[in-house]
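Chemist: I'd like to ask some things about the structure below.
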Amino acid sequence: MSNTALLDRPAAPVRHLRAVDRTARIEPPAAAPEPAQPAPRALPAGSAPRGFALYVGIDEAKAAASGVNLGVLVDALRRTLADLAPSAETYATVALAPVGSGGRDVDVVRLALQEPSAIARTKHEEPEDDEVTAGGVVVDISRKRVLIDGESAAFTFKEFELLQYLVLREGRTIERTELVSSLWQGTSDEDAPGERTIDVHVRRLRAKLGRYEDIVRTVRGVGYRFDRHADVVIRYGHGTPSPDRF
């Protein structure tokens, strides 16, 4: 190609490169806004936080499937709390509920331990007297009474406490010494009944149960127990007392 031809070609457009400032800061992408925190709940006038309750929904079978039991879980939580807040005091109890209670385990626990908001959501009317089965024994823990063949039995407060204590520990033999220490708490040694006095209370209790007296069994040389019985209905209601286990 001749020099003349090269000179006749149109000149290519001039492209200018812009210098890049390597020290320029590259802004990171904007972070997602944090979710709004719920406003703190107003405390009732004259009250202040003094602790908290942690409701754990798990039965013995599920705990065993994880290789532990309820006592082990409680001890582990207590050790953790002792490390974090050595001055904290703890108290643990087991929540009892009727066999076959439906719903999530933690909701059943909250109801059994009288957690107010759980009770408020599920509160329902107690059955009327005419809904009670005509035959058999109804131990109405929710109303602190015993019905025998549809009629209210004249149990004293201590007799009902004794029956309730056995019912809530269904299937476990209760020694006389445990009955004395549990049902006569705060009583001086002089006023506390002896073990033989417990036998007197049980005899009176059985006499009022009439033909159903065998629902309170004697374990010779040890104490007493209550086992599930076809003639007995236990009405727990909300907030059933739970035996201390830990």
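The values are calculated or read from the model by the stated rules, or taken from the named source; none is laboratory data. Computed from a predicted model, the values in this text were never measured in an experiment. Backbone-built Cβ (ideal geometry, glycine too); neighbour counts: all protein chains shown.
Chemist: So which strands (runs of 3 or more DSSP E) are wholly in the range 188-246 and hold at least 1 residues that are modelled with pLDDT of 90 or more?
Modeler: Details: elements: 216-219, 223-226, 232-235.
Passing ranges, in order: 216-219, 223-226.
Chemist: Hey, another quick one. Tell me yes or no: at least one residue of the range 128-144 is touching a His at 6+ places or on another chain (Cβ under 8 Å) and modelled with pLDDT under 60.
Modeler: No, the conditions are met nowhere in the range 128-144.
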